[in-house]
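S.K.: My structure is below; once you've seen it, I'll send some questions.
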Amino acid sequence: MMPRHQASGFSNGYPREKTFDLSPHSFQPRTSIAAQRQRKRLFIRLGIVFFVVILITLWVWPKSAFASVLSLGLLGASSELELETVRYYDLTNVQGTARGWEREERILLCVPLRDAEPHLSMFFSHLRNFTYPHHLIDLAFLVSDSKDRTLEVLSDNLEQIQADADPKQPYGEVSIIEKDFGQEVNQDVESRHGFAAQASRRKLMAKARNWLLSAALRPYHSWVYWRDVDVETAPFTILEDLMRHNKDVISSKSNNSADVWRPLPDWLGGEQPYDLNSWQESETALALADTLDEDAVIVEGYAEYATWRPHLAYLRDPYGDPDMEMEIDGVGGVSILAKAKVFRTGVHFPAFSFQKHAETEGFGKMAKRMKYSVVGLPHYVIWHLYEPSVDDIKHMEEMEQERIAREKEEEEKKAKAAKLKEEFGDGADTWEQDKQELKELKDKAAEEEKRRVKEEKAKVAQLKQNTNKEKPATKDEKATTNQGKPKAKQEKSQAKQEESEVDDEKPATNKGKSKAKQEESEADVEKPRANREKPKASRQKPKPKKEKLAGAEAEDDNVVAGDSEKKRLAE
Amino acid sequence: MARPMGSVRLKKANPLTLLLGAVLCVFILFFLISPSSSSSSSSKTRVVVDSARHHLSPPTSPYRKPKSDAAVELGPPPVTRYNLNNVTITADPIGNQEHVLILTPMARFYQEYWDNLLKLSYPHGLITLGFILPKSKEGNAATALLQQQIQKTQKQGPEKDRFKSIIILRQDFEPSLSSQDESERHKMVNQKARREDMSKARNSLLFTTLGPATSWVLWLDSDIVETPPSLIQDLAGYSKPVIVANCFQKYYDAETKSMAERPYDFNSWQDSDVAQKLGASMGPDDILLEGYAEMATYRLLMAYMATNPSEKDTVVPLDGVGGTALLVRADVHRDGAMFPPFAFYHLIETEGFAKMAKRLGWQPYGLPNYKVYHYNE
């Protein structure tokens, strides 16, 4: 059939040019009658209304199941459909190794708290500085029987850290656990460490620790780190430092416990071991244990039970090798890193008398019983906050009174002298004049002498310079513990030491912080080396502080000094 | 060509047909939407109550899986507060909506065990299951079977059968015994090593799954194939810190030609002086065992205390407990009571657990006439 109405065709033999053209050209009757058209319009209107209604419902309830059906699952309530109820964990993947940060091993950091509000700011400054990847650390706090604002301050601080703009700051799972045990024991130093209260107090502490652990330990944890909130100074790399021991010296099972010292006022000899719970078992103690009642608990550091055990705390040598290990039987709770495996297989803090020990000491005993190696690092030092005991406070009061008496005496003396002067007039004036003249003569002679000595010295120095070039300062040799360390590091530590000596006022930790930041920004390859260095720096830190404390004359200043130190740390 | 299809179809259109079509459409839409909406309405309340936003959360609760594209923007986990003072442990666990953790160390999977589990009448939405399986060939097979059943129940099963959350752990130590056969397992020389492993498995399972919300822990062995459906409520109803049911085994008695039952678990007992003295003469690492003729302890065994089945409520204090069907207040475990994998007062595993609970001030009890049944090989 021939096409009749082609736009491209010829209607009269000539091609048409650019004329508007509708096809078909012929008249065609309407295909629908009026009633149908009306119905169609009605349908269209209904359709529009329906569409609008759906749009509105989608807008109002964007997550309804209806929406997900209409949009073929693109919109709406898929989150509930993806509720995950089954979890599968292989515990062989979370054994804990020496280089956990490379294998992304998760650490559970446990902190038992009780009326700890004043220590929290200091604790959080430590928390922010940990060099172990934060997202691999899960935090668990147990707040028990607190009467101050511990809970509020804690959760505020934690919210802040989790919302931090720096992606390296937020931690992993953060849980705050509240549980009151109804402890009647007072938390101040005297009642805390008084002999009579020890056994029941330690048992309650043990319970608190167990509750915390059992609520917070998960199948994905490789390590568990216990930390007291009132630690004042500790290396930022402490987690890596303790973890590293796993590979180097101990086989695969280990506990590490850093020992704890606290800086003290001068009259107590500068420092005093705080944590006496880390010790090696002694024959005397074993014999003593046999004589005791089943429920008795041996506590260290009290004259009532003389155990003659070698304590980690007393073994400290300021220049000792921080990596040195020592087998111990009892563990102190201030800073313990343990493999999660140890806790998984059942070792806990006995809240009963386990082989005559409770809490952390019982923990050490039980770990040993289950053939795990328990190791302490006698030269790896962290500093506990100094809190004066009642005896100390008494001593302070006595000294204060002495001081007042002395001042009074001096004042009286002065008054006397003044009186004498008044009474006997200025007969001393002529004497003074003569004295002045004599002195001038003497000074002249001395100056001459000095000039001569100086010239000589310059000569000697010139000679010395040539020989002295290779020799490092003797002081440094003493300070560096590892002989095989590269020279660059030695110089670095020297520089740091000098720096810290020059300006005692500058807080040591701030310095470390800025340094840590700086190193962080450097290439990752640098990190292990940096890690090795930092603890060393911080170990040297306490030194200037000690001097400062020693320098402080008024004894009651020490408490204040501690406070200001804390504030600076918080900054 | 000249007559478009529209008019043809409209001409034939019957209002009745149209109506039918519309009804059908509504019907289909309704069924498309209804199953998901009805489940979401019930699970929505559940979601609000105890599902976690992040996968770093207590495994005793489910969590909402982030969509694959949303995983990137998932921020750090939130700070979560758990008030353990509000975790109630009462004699009326259903009324107080108390969460129960059922823990099972598993070496072999028995279908009867799973079927029995599904029959428990305690609200499944309050039950979390925890399993630990060895990493042996047998363990792999059991895991596969277990996962199959879990899939069936949690994904396809009816809503009321689904458990709140399920945790599967694989052991991190080699089983010291290669064979799980009954004869091999029960040899006296093998007992200590076997039960040390069991203890470690139990502890690993317990301390990683306990979490902050659990009120009760039910230890149920994987070879327990028959229990009363109300097991949890019944045991909790006695409001004892540690309570154990009596474990029996059904067998075919060749003499009477009928099914009969015999006591199976001998680990629940009251102590005797003989056993005490025997213990005192032992080395620190030796353990006392029950049910072996070589070691007569003369302890009072709960297995033989069963009297009249109608006196179900008889409660007896015990010094040692078995782990076949053992209900423990979560407090007891939180205080530190665990299954010692070493000789603790010459006791090990569940018996040592009873001793440790006692040392912590919790007295274990037993129900001699309340029976659960062990699988018969």
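The values are calculated or read from the model by the stated rules, or taken from the named source; none is laboratory data. Note that this is a predicted model, so its numbers are computed, not measured. All Cβ positions, even for glycine, are placed from backbone atoms using ideal geometry, and neighbour counts span all protein chains on display. Surface accessibility is based on the protein's heavy atoms, side chains included, excluding ligands, DNA and RNA. Shrake-Rupley method; radii C 1.70, N 1.55, O 1.52, S 1.80 Å.
S.K.: Before I look further, what does segment B:181-312 give for accessible area per residue, probe 1.4 Å, in whole square angstrom?
M.R.: For segment B:181-312, the solvent-accessible area averages 43 Å² per residue.
S.K.: Residues of segment B:118-148 with accessible area at least 10 Å² lower in the all-protein-chain context than alone (1.4 Å probe)?
M.R.: Residues losing area: B:135, B:147.
S.K.: Classify segment B:279-377: rounded, prolate or oblate, from the alpha-carbon gyration tensor (a ≥ b ≥ c, eigenvalue square roots; a/c under 1.5 rounded; otherwise prolate if a/b is larger than b/c)?
M.R.: oblate
S.K.: Something else now. Could you give me the ³J(HN,Hα) list for segment B:364-374, computed from phi with Karplus coefficients 6.51, -1.76, 1.60 and θ = phi - 60°, whole Hz, x at Gly and Pro?
M.R.: After applying 6.51 cos²θ - 1.76 cosθ + 1.60, I find x, 10, x, 10, x, 9, 9, 9, 10, 10, 8 Hz.
S.K.: Quick one: among B:214, B:17, B:143, which has the greatest mean-square fluctuation in a GNM of chain B with alpha-carbon springs under 10 angstrom?
M.R.: B:17
S.K.: Then there is this: Report the calculated FRET efficiency for residue B:261 and residue B:147 (r = Cβ-Cβ distance, R0 = 41 Å), to the nearest 0.05.
M.R.: 0.80
S.K.: Also: What does the net charge come to around residue B:216 if you take all other residues with beta carbon closer than 13 Å to its beta carbon, with K and R at +1 and D and E at -1?
M.R.: Taking every Cβ under 13 Å from that of residue B:216, the sum is -1.
S.K.: Quick one, could you list the DSSP H helices from chain B stretching 24 Å or more along their long axis (Cα atoms) with average Kyte-Doolittle hydropathy of -0.5 or above?
M.R.: Both cut-offs are met by B:15-50.
S.K.: List the residues whose amide H sits under 5 Å from the amide H of residue A:87, counting only those 5 or more places along or on another chain, with H placed 1.01 Å from N in the peptide plane.
M.R.: B:166, B:167, B:168
S.K.: Could you work out how far apart the two model spin labels at residue A:437 and residue B:112 are, taking each label as a point 7 Å from the Cα in the direction of the beta carbon, and quote it in nm?
M.R.: So the two model labels end up 12.6 nm from each other.
S.K.: I'd like the carbon and sulfur percentage of the solvent accessible area for segment B:229-341, probe radius 1.4 Å, heavy atoms only, ligands and nucleic acids excluded.
M.R.: Carbon-and-sulfur percentage of accessible area, whole number: 54.
S.K.: I need the peptides A:130-142, B:334-346 ranked by packing, meaning the mean over residues of other C-beta atoms within 10 angstrom, with the highest value on top.
M.R.: Result, highest mean Cβ count within 10 Å first: B:334-346, A:130-142.
S.K.: Sorting check: for B:82-93, B:188-199, which peptide has the highest mean count of neighbouring beta carbons within 10 Å, and how do the rest follow?
M.R.: Highest mean packing first, the order is B:188-199, B:82-93.
S.K.: Tell me: how much accessible area in total is hidden between A and B, 1.4 Å probe, Å², nearest 100?
M.R.: For chain A against chain B, roughly 6300 Å² becomes buried.
S.K.: Sorted by packing (mean other beta-carbon atoms within 10 Å per residue), highest first, where do B:131-138, B:116-123, A:377-384 land?
M.R.: A:377-384, B:131-138, B:116-123
S.K.: Over 32 Å between Cα atoms: which of A:203/B:160; A:339/B:192; A:356/B:277; A:179/B:240; A:179/A:339; A:368/B:250 fall into that group?
M.R.: Going by Cα-Cα distance, A:203/B:160; A:368/B:250 fall outside the 32 Å limit.
S.K.: Which positions within segment B:81-116 get 40 Å² or more of their accessible surface covered by the other protein chains, compared to the chain by itself, with a 1.4 angstrom probe?
M.R.: Residues passing the criterion (a loss of at least 40 Å², heavy atoms only) are B:81, B:82, B:84, B:85.
S.K.: Report, by chain and number, residues whose modeled amide H sits under 5 Å from the one on residue A:380, excluding near sequence neighbours (fewer than 5 apart, same chain).
M.R.: A:259
S.K.: Modelled label-to-label distance, residue B:155 and residue A:88, 7 Å Cα→beta-carbon offset: nm?
M.R.: For residue B:155 paired with residue A:88, the spin-label model returns 1.1 nm.
S.K.: Summing Lys, Arg as +1 and Asp, Glu as -1, what charge do residues with Cβ under 12 Å from the Cβ of residue A:446 carry, residue A:446 excluded?
M.R.: Once all neighbours under 12 Å are counted, the net charge is +1.
S.K.: Also, I was wondering about something else. Gaussian network model of chain B, Cα springs within a sub-10 Å range: biggest mean-square fluctuation belongs to which of B:53, B:262, B:81?
M.R.: Greatest mean-square fluctuation among the candidates belongs to B:81.
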